[in-house]
Amino acid sequence: MDVEDDEIVEEIPVYFSKTLADNLFILQYPVKASNATFDDGQVVNSCVKPINQQIKVDYALNTASKNYDSFKGEQFAIAADGKEKDRQQKPTFRSGTMDKQSFLSSKPIEDVNRYMICAMQDREIHATPLKGIVSMRQVFSYFDKQDKRTKAEQKAEQDADGDEEELKQVTVKFARTENEKVRKAREKSFNYISKMESEEPWCETFWHRKDSSSAELERQRLYATTSSGSGSNPAENEALNAVTADEYLAMLISKEKSDRNIDSMLPSRVVCMHKLRQMTLVDQIKIILKDAKVLTFQQIMELLPNRTLAAEKVLRTLPLAGVLIRGNWVVQSEIIYPEGSVSGTNGVPAEQMCKARDYILYRFTQSEKLERHQLASITQLPTEEIREILCSVARLNDDRSWSLLLPPNEDFSGSTGEQEISDRQNAFWTARAEKFNEMEKSSTSKRVRKKSARSDSKYDVKMSNG
């Protein structure tokens, strides 16, 4: 059948929502029975490892069911935790019987860029990108605890015998200095990844039932609004409408990305409050600024895990991690683009990315709106890298200009300490202004030389034809 003869029956508008894009996961249960469901299951505990994207969920077992073997349940509990009088650690089963089953996640798919969650409402489709897809499989960690306890008891018995251990010959080996290639290969090994996953602490989470008001509120965030305030972006929708069918298909089927040092260019992943408390104050500020992009001083004080910190101490530490732009704080470029890394799209070195980002931040201290094509011309960066930098601190306006994510904060510099920091930051940008002016002059002279070269070329052609 000819495509032209295939008439359109109905057109349904599609909206792109980003509200949950950084936090939306699909949990699959591949080994459960086809008629089984966990929708009505009672979750007694849930926790996550945010950096390694691991999820653990404990579902309660109905110990009162006629199908439940109480004797076996008690035996499993004793095998896992030992007898109550001998317990030294937190028991796996507090009730003394196997009253729950645990599920641990694994990643069946690494690249989820081609997958979305779509919801339909009022004859409209709302699509939200996924952060990840994980497979939940039952784990039997209580058997591992039994094996460890048995080995520990056997070792204790051997030590109690008092037999003198035989002397054994020991060979000393010195580790060779590994180069960059060997280090990257080691970091991709199974043992290294397993070690990193085991060292990250679990962060306990709240589990909301599907019929709760909190769950309903989260589901509503799957629907984009047609205004520019949140969810769908009119500029993106307009750009999407302009592409052809083949271009749209190519956008859906993403090509494999290069395995360059892309991780250093991605936004930092969320860190749980427990791990944040263990960091130094400067590292805490780095993480907060890197994730939130632009913050006021008051917002930084509210996000710090230690609410009793003196404002003066935080003010003294802030310049070590961020820079002040019109009363708001932005993370330093060297933290976004560490030494030795490259950009994810065109492989631009970190040094050039930092130089361009610092120039853009400087321009925001002088002007409330910037044009992307002008920045690309002066910094000599590809369009994708310029957009990457702008998206880290600014938003796109309806007139295609870019403005900072937060409006100028006139309240900063109210106290003596804030005024001192503000004066130092102004002096910092003033000292770098000469360097940035040279960048602009150099860019202008290059454009003039190119224009002159084109003119000379045309003149030569005319003379030869004459």
Please work out if residue 19 is open to solvent by less than 80 Å² (accessible area, probe 1.4 Å) and either over 30 Å from residue 192 (Cα atoms) or touching a residue at least 12 places away in the same chain (Cβ under 8 Å) (or both).
yes
Of the residues in the stretch 189-204 that are closer than 16 Å to residue 104 by Cα and touching a residue at least 12 places away in the same chain (Cβ under 8 Å), the one that is surrounded by the fewest Cβ atoms within 10 Å (Cβ to Cβ) is 201
Selection from the stretch 74-94 of residues at pLDDT below 85, more than 20 Å from residue 47 (Cα to Cα) and touching a Gly at 6+ places or on another chain (Cβ under 9 Å) yields 77, 78, 81, 84, 88
For the stretch 327-345, pairs from a residue that is touching a residue at least 40 places away in the same chain (Cβ under 8 Å) to a residue that is in a loop (DSSP other than H, G, I, E, B) and open to solvent by less than 20 Å² (accessible area, probe 1.4 Å), with Cβ under 6 Å and 6 or more apart or across chains, are 327/412; 330/393
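From 422, 413, 403, 443, which residue is at negative phi and not in a helix (DSSP H, G or I)? Explain how you work it out, then say what you get.
Values: 422 fails: not in a helix (DSSP H, G or I); 413 fails: at negative phi; 443 fails: not in a helix (DSSP H, G or I).
The conditions single out 403.
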Restricting attention to the stretch 27-76, the residues that are surrounded by 13 or more Cβ atoms within 10 Å (Cβ to Cβ) and in contact (Cβ under 8 Å) with a residue 40 or more places away in the chain number exactly 23
Considering residues that are in contact with a helix residue (DSSP H, G or I) (Cβ under 8 Å, 6 or more places away or on another chain) and either under 26 Å from residue 287 (Cα atoms) or at pLDDT 90 or above (or both), the number found within the stretch 14-50 is 2
The condition from (1) at pLDDT 70 or above; (2) in a helix (DSSP H, G or I) that residue 154 misses is numbered (1)
By residue number, the members of the stretch 416-432 that are over 33 Å from the mean Cα position of the chain (by Cα) and under 28 Å from residue 374 (Cα atoms) are 427, 430, 431
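From the list 32, 90, exactly one residue is charged (D, E, K, R), more than 30 Å from residue 218 (Cα to Cα) and more than 30 Å from the chain's Cα centre (by Cα). Which is it? Spell out how you get there, then give the answer.
Numbers: 32 fails: more than 30 Å from residue 218 (Cα to Cα).
Of the residues listed, the single one that is charged (D, E, K, R), more than 30 Å from residue 218 (Cα to Cα) and more than 30 Å from the chain's Cα centre (by Cα) is 90.
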Taking the stretch 353-369 and keeping residues open to solvent by less than 20 Å² (accessible area, probe 1.4 Å) and either basic (Lys, Arg) or at pLDDT below 90 (or both) leaves 357
Reported set for the stretch 306-315 where residues are crowded, with 16+ Cβ neighbours inside 10 Å and assigned to a loop (DSSP other than H, G, I, E, B) is none
Going through the stretch 380-423 in order, the residues found to be buried (at least 17 other Cβ atoms within 10 Å of the Cβ), farther than 27 Å from residue 298 by Cα and of a type in the set (Val, Ile, Thr) are 386
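Does residue 335 count as open to solvent by 10 Å² or more (accessible area, probe 1.4 Å) and either within 19 Å of the chain's Cα centre (by Cα) or at pLDDT 90 or above (or both)?
Working: open to solvent by 10 Å² or more (accessible area, probe 1.4 Å): yes; either within 19 Å of the chain's Cα centre (by Cα) or at pLDDT 90 or above (or both): yes.
Here the answer is yes, as residue 335 does meet what is asked.
For residues that are assigned to a helix (DSSP H, G or I) and basic (Lys, Arg), scanning just the stretch 272-305, find the one that is modelled with the lowest pLDDT.
The initial filter retains those residues of the stretch 272-305 that are assigned to a helix (DSSP H, G or I), namely 273-277, 281-292, 297-303.
Checking the rest, the ones that are also basic (Lys, Arg) come to 275, 277, 286, 290.
Numbers: 275: 72, 277: 79, 286: 91, 290: 87.
Here the residue is 275.
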Of (1) in contact (Cβ under 8 Å) with a residue 60 or more places away in the chain; (2) open to solvent by 50 Å² or more (accessible area, probe 1.4 Å); (3) of a type outside the set (A, V, I, L, M, F, W, C), residue 132 fails just (2)
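Looking at this structure, is residue 207 open to solvent by 100 Å² or more (accessible area, probe 1.4 Å), modelled with pLDDT of 75 or more and not charged (D, E, K, R)?
Working: open to solvent by 100 Å² or more (accessible area, probe 1.4 Å): yes; modelled with pLDDT of 75 or more: yes; not charged (D, E, K, R): yes.
For residue 207, the condition - open to solvent by 100 Å² or more (accessible area, probe 1.4 Å), modelled with pLDDT of 75 or more and not charged (D, E, K, R) - is met.
Checking the structure you have, find out if any residue of the stretch 352-369 is part of a loop (DSSP other than H, G, I, E, B), under 27 Å from the mean Cα position of the chain (by Cα) and without any contact (Cβ under 8 Å) to a residue 40 or more places away in the chain. Please lay out each step first, then the result.
Within the stretch 352-369, the first condition is being part of a loop (DSSP other than H, G, I, E, B), and the residues that meet it are 367-369.
Filter once more, keeping what is under 27 Å from the mean Cα position of the chain (by Cα): none.
Scanning the stretch 352-369 turns up no residue that is part of a loop (DSSP other than H, G, I, E, B), under 27 Å from the mean Cα position of the chain (by Cα) and without any contact (Cβ under 8 Å) to a residue 40 or more places away in the chain.
Report yes if residue 123 is in contact with a Leu (Cβ under 9 Å, 6 or more places away or on another chain), open to solvent by 80 Å² or more (accessible area, probe 1.4 Å) and not polar (S, T, N, Q), otherwise no. Spell out how you get there, then give the answer.
Details: in contact with a Leu (Cβ under 9 Å, 6 or more places away or on another chain): no; open to solvent by 80 Å² or more (accessible area, probe 1.4 Å): yes; not polar (S, T, N, Q): yes.
Taking the combined requirement at face value, the residue does not satisfy it.
The values are calculated or read from the model by the stated rules, or taken from the named source; none is laboratory data. Being a predicted model, the structure only gives us computed values, none of them experimental. Cβ atoms come from the backbone with ideal geometry, glycine included; neighbour counts cover every protein chain shown. The protein model used for the area step is the full one, side chains on, heavy atoms only, and it has no ligands, DNA or RNA in it. Shrake-Rupley method; radii C 1.70, N 1.55, O 1.52, S 1.80 Å.
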